[in-house]
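The values are calculated or read from the model by the stated rules, or taken from the named source; none is laboratory data. Everything numeric here is computed off the predicted structure, so don't read it as measured data. Here the Cβ positions follow ideal geometry from the backbone for every residue, glycine too, while neighbour counts run over all protein chains shown. With ligands, DNA and RNA removed, areas are computed over all heavy atoms of the protein, side chains included. Shrake-Rupley method; radii C 1.70, N 1.55, O 1.52, S 1.80 Å.
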Amino acid sequence: MPNFDLGESIPPHTEHAVSVSLPTWKSNVGYEEGEDWVIGSMTTGYPRFFIHRSIQAFAKDILDKIGRKASVAFLFPTRQVAARCASFVKLRAPPAVVSSLEVVHLVLDTTNPQAGSLHGLSPAISAVISSPEGFSLLKQYWQHTGDGVSSRRAEFCHSLFRGGLLRVDEVPKNSAVSMSPKPCRGPKRYQRGGSLDGGKPSTPSPTSTPAPDKEETSRFLEERFGRNLDVSFVEPAKSAIKRRIAGALTSDRELTASPVPEKEMESNTRGIVNLREDDIYLFPAGMNAIFNAHRALLGARGSLKSVNFGFPYVDTLKILEKFGPGCIFYGNASEADLDDLETRLKAGERFLGLFCEFPGNPLLTCPNLARIRQLADTYDFAVVVDETIGTFANINVLPFADIVVSSLTKIFSGDCNVMGGSAIFNPNSRYYSALKDFARTGYEDTYWPEDVMFMERNSRDFASRIERINANAEAICDVFRESKLIKTVFYPRDTESSANYEACKVPGGGYGGLISVVFHRREQAVAFYDAVDTAKGPSLGTNFTLTSPYVLLAHYQELEWASQFGVDPDLIRISVGLEDTADIVKVFQSALQAAENGSQ
């Protein structure tokens, strides 16, 4: 079984890994406390929380180039995205930070003879720059929205920048700061992550990038662009991903066919015969899909409060709080919560949409989607369902939703080496036309082509992997249920809301690969976590089993708040992988034995 050192990438030796090893309970606490022995050991981290080293290096070179070494820079894929970030900061920052804001755009130097072959990639970067005091606000935007550049995009564009193929576009300072509508005020919360500080203060003076080595640049373009990033494959790869998400791709031979986005996919597992390929939108991260679903609803329906129904992944709630007029929060996803919502609706309150996960993370609770749909039809609000944990191979929630979102980073990819997200607009939704109208001008495809290619390759065996993971998870769940150390097991098959899951379960589907457990005593949880012989770090949906003290990592600054919704601070979450069933069962049996021995 795996043996990862503290701070090592998961998977190991993977340049664009999505997880990082935190092998002991103490190391997780040390990470949250910002202790040097943990932070200094980390080679990478989850991309929205830890800024990848390649992005940090690129940001530093940009700051050096424009003579702002003492500043911080966050990198985004387009001018519009950078403008939204700058507006977010401008609305919340003190005057000194606002006056330091600058947006710098890097564009392809079309005078360079080598630039012609790169037009199809649209390699561009927009940097939002501020004084160091603006770091926490910039980091909040980066983390909540998933709008930041991917590490592969940064690595590629950085090489072009150093080779002279990307240049700074000369535009007036702060010209992009006011391009985006102002987000509504929401509560501030400092979010820690890798620093993009350019270094010690110095007198601003332009610094030049070394003259490009033509032979080196040509070799880079051949190795990275010519052989491995053939742009002609990108659109078919996107089409294949979308058709897999719809349950309509039956053969990899369809990859060679020309995409027909406007064609209806009558044969699909979603049960929506008029669903079309262009009803499915791809994003660079799952959270970016949620962020843009919320943007689309605001654009289509106007400024209304939202409902966060059920205990959410942390940044979903932050999006609803900070990028609109606010939200009401129901943390239990119970029938009593729906009763209260119905009372509000009958009294005249109106909402933009209800956002929920199915099942929820980490308690695996499933809301009553049939009743929610009925309320939505009666009182005119949208329903947005995050299907990441259930996965569309096990459940079908689209008939109940106006928008279905998912993090493709997780089990759809499985390899833990690329980010991605998706959103489906239900063509039968009353808001469909308005959402499509918004998307025509409001949607930007910022999914970097290299990431698309990795996602397409990784997801080819998605359906067969789910079957194995379902079986392994049920076997591990049974081990936990038999243990006298375990106080509660959370799994969709066995929760009080299991009937709601069954109502959406597809024929032949299972219950997914996520399990959460709570021990009777904290020392048992600590001993178990330290002993369990699996990969240990953030994320889920990997092809290998991944264990995490999830609540510590996601809610360390708000453990008391989380506990009022039944989220125990010592909860351990297990994302089950593809290992041999007998072998992985033994791993958990051994860890439970170690926990029993260590807590006596």
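Miscellaneous remarks
- So residue 14, is it out of contact with any strand residue (DSSP E or B) (no Cβ under 7 Å at 6 or more places or on another chain), open to solvent by 10 Å² or more (accessible area, probe 1.4 Å), hydroxyl-bearing (Ser, Thr, Tyr) and assigned to a loop (DSSP other than H, G, I, E, B): yes
- Residues of region 131-163 that turn out to be among the polar types (S, T, N, Q) and touching a helix residue (DSSP H, G or I) at 6+ places or on another chain (Cβ under 6 Å), as a count: 5
- Test result for residue 463, outside any loop (DSSP other than H, G, I, E, B) and buried (at least 23 other Cβ atoms within 10 Å of the Cβ): no
- Of all residues in region 107-141, exactly one satisfies the criterion of being open to solvent by less than 10 Å² (accessible area, probe 1.4 Å) and aromatic (Phe, Trp, Tyr), namely 141.
- Whether a residue is open to solvent by less than 20 Å² (accessible area, probe 1.4 Å), in a helix (DSSP H, G or I) and β-branched (Val, Ile, Thr) was assessed, and residue 452 passes this test.
- Within region 35-57, the set of residues being more than 22 Å from residue 287 (Cα to Cα), open to solvent by 30 Å² or more (accessible area, probe 1.4 Å) and not in a helix (DSSP H, G or I) comprises 35, 40, 41, 43.
- Hits in region 387-443 - residues which are surrounded by 23 or more Cβ atoms within 10 Å (Cβ to Cβ) and free of Cβ contacts under 8 Å to residues at least 40 places away in the same chain: 387, 401, 404
Residues checked against (1) over 23 Å from the mean Cα position of the chain (by Cα); (2) under 11 Å from residue 6 (Cα atoms):
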| residue | (1), (2) |
| --- | --- |
| 24 | yes, yes |
| 29 | no, no |
| 43 | no, yes |
| 46 | no, no |
| 49 | no, no |
| 53 | no, no |
| 59 | no, no |
| 65 | yes, no |
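- Looking across region 574-600 at every residue that is closer than 14 Å to residue 526 by Cα and open to solvent by 10 Å² or more (accessible area, probe 1.4 Å), the one that is nearest to the chain's Cα centre (by Cα) is identified as 592.
- Residue satisfying all of: in region 120-152; of a type in the set (Gly, Ala, Ser) and assigned to a helix (DSSP H, G or I); nearest to residue 100 (Cα to Cα) among these: 134
- The number of residues in region 271-294 being touching a residue at least 60 places away in the same chain (Cβ under 8 Å) and either aliphatic (A, V, I, L, M) or surrounded by fewer than 21 Cβ atoms within 10 Å (Cβ to Cβ) (or both) comes to 12.
- Residue list for region 342-377, filter: farther than 29 Å from residue 571 by Cα and open to solvent by less than 50 Å² (accessible area, probe 1.4 Å): 342, 345, 348, 351, 352, 353, 371, 373, 375, 376
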